[in-house]
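Some notes on the structure that comes next.
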Amino acid sequence: MSIRLLPCVAVLALLLAPSHTQAQVDGDIDARQLLKLNLSDWYFARYELGYEHVLNASTSVQIAFAGIGASEEFNRYDFNNFNVVSPWADVELEHSGWRLTPELRRYAWVYGGMPEGVYVSIMGRLEQWNLEFDEDIRDPAGITSGQFQEELDGTWSQFHWGGGVLVGYQWYSDNGISLEVYTGPMFRSYSRGWSHKGDLNAEEQELAEDSLEDRLFNGSRWSEYLNRDSGPGWRFGLTVGLGL
């Protein structure tokens, strides 16, 4: 089994497992589901909906799916002999992809059948992020010596799997509206690939990949994420939801 699927399989197994306390709380539960909108991840071009389901008096599971989409345009600049900044390339980036986040939560208490209060959770993460590059070079003299000397037009694909532990607090109002904040450490493992629209030999391919960070990634709004290495990180967020 691929290691990328392990977080999802673990949560699915928990979903299918019988709950020994289910019968004890049936009479106290008015609703068992929450539909949530993640407000904090819009900045990262991810538009996420989550579905949380109550298992028993202190446990719930959540599945969240996000679509990724954004467009960027920026210029690359250089200094000429008169110490004046002038653009030498125009860059367009198109972002697309998806993210899946399964999660198992343990609450301090469940109020009226809906999860409310302090919780600790274990989460998994699968994400595919694709970028389409279109670099229009105005002046080839702006390309730094030792970099790829042609336009970097192509597709960048970035996949990561990971997981972590979150601590959060969720409010659930009488009118069925929820508000949640959470934070916690996590680990991510990235695999990346890039394909040029033209035919490149092995040496040209390596040179082009080495040029991506300076000429394309560093001008992006999400440069820190695109340049990030596998390893530990931190997760935080804010959601608003509706009880079903």
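The values are calculated or read from the model by the stated rules, or taken from the named source; none is laboratory data. Not measured: the values here are computed from a predicted model. Please note: Cβ atoms are built from the backbone with ideal geometry, for glycine as well, and neighbour counts cover all protein chains shown.
Among the residues of region 107-121, none qualifies, meaning not one is small (Gly, Ala, Ser), at negative phi, at pLDDT 95 or above and touching a Cys at 6+ places or on another chain (Cβ under 7 Å). Leu166: farther than 25 Å from Leu242 by Cα, touching a residue at least 24 places away in the same chain (Cβ under 8 Å) and in a strand (DSSP E or B), yes or no? In short, no. Can Arg105 be described as basic (Lys, Arg), under 30 Å from Leu200 (Cβ atoms) and buried (at least 19 other Cβ atoms within 10 Å of the Cβ)? The answer is no for Arg105.
Of Asp210, Asp174, Asp199, all but one fail to be over 30 Å from Leu35 (Cα atoms) and modelled with pLDDT under 90; the exception is Asp199. With respect to (1) assigned to a strand (DSSP E or B); (2) closer than 30 Å to Gly117 by Cα, the lone exception for Asp174 is condition (1).
Exposed (fewer than 14 other Cβ atoms within 10 Å of the Cβ), part of a strand (DSSP E or B) and modelled with pLDDT under 95: is that true of Gly193 in this structure? Here the answer is yes, as Gly193 does meet what is asked.
Taking the numbered list (1) exposed (fewer than 13 other Cβ atoms within 10 Å of the Cβ); (2) closer than 17 Å to Arg215 by Cα; (3) touching a strand residue (DSSP E or B) at 6+ places or on another chain (Cβ under 9 Å) in turn, Trp156 passes all entries but (1).
Condition check ((1) closer than 20 Å to Phe236 by Cβ; (2) touching a strand residue (DSSP E or B) at 6+ places or on another chain (Cβ under 8 Å); (3) at pLDDT 80 or above) across all residues:
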| site | (1), (2), (3) |
| --- | --- |
| Leu16 | no, no, no |
| His20 | no, no, no |
| Gln24 | no, no, no |
| Tyr43 | yes, no, yes |
| Tyr51 | no, yes, yes |
| Glu73 | no, yes, yes |
| Asn83 | no, no, no |
| Ala89 | no, yes, yes |
